[in-house]
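We did not get these values from a lab; they are worked out from the coordinates using the rules stated. Every value quoted in this text rests on a predicted model; they were computed, and no experiment measured them. Cβ sites come from the backbone with ideal geometry, for glycine too, and all protein chains shown count toward neighbours.
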Ligand code: GDP
């Protein structure tokens, strides 16, 4: 067990449905701390680069269109096992397979429009945090 940081995104459908506060409430209730946050409108090239790992997948174009369809809120979460903890809070990619009480089970419309993103491992977390935030954007908690 270790204190980790992970990258989280409230995706365009989550912002549209006014779920920012609800998503943050779940993070905070689980003991995760938000140490950086920002709302942004992703551009095509930025969304393509963020999801480059899925370039060859059949849903890549749709995924990029969805991610630029409206603003997103990006945040860095910090806490004990933050990467895995966030994945548990989000639930499985496909809301039909997501455990009861998870964000995706409760709010996702489909396997694509699934409200939130969360890094899937330590290397991804490091790269994804650096994709959106400079070191100076991150605010260590002192109290
Ligand atoms: P995640 O780590 O749970 O977000 O899942 P992945 O990394 O596998 O996929 C990234 C994102 O692509 C998902 O969160 C969905 O928004 C989208 N996605 C994944 N699988 C599918 C699919 O089979 N069809 C469509 N249309 N979108 C998908």
How high is the FRET efficiency from residue 51 to residue 18, r the C-beta distance, R0 25 Å, rounded to 0.05? 0.50
Using r as the Cβ-Cβ distance of residue 127 and residue 29, and R0 as 35 Å, what FRET efficiency do you calculate, to the nearest 0.05? 0.80
D (Stokes-Einstein, µm²/s), Kirkwood Cα radius, region 26-95, 0.692 mPa s at 37 °C: 238
Taking N as the number of residues in region 19-62, what value does Rg over Cα atoms divided by 2.2 N^0.38 Å take? 1.59
Taking 63, 7 and counting other C-beta atoms within 10 Å, the order from fewest to most: 63, 7
Contour minus Cα-Cα span, residue 137 to residue 120, at 0.36 nm per residue, comes to 3.9 nm
Between residue 88 and residue 39, what's the calculated FRET efficiency when r is the beta-carbon distance and R0 is 25 Å? Round to 0.05. 0.50
Consider just the alpha-carbon atoms of region 8-143 and return their Rg together with their Dmax, both in angstrom. 14.2, 46
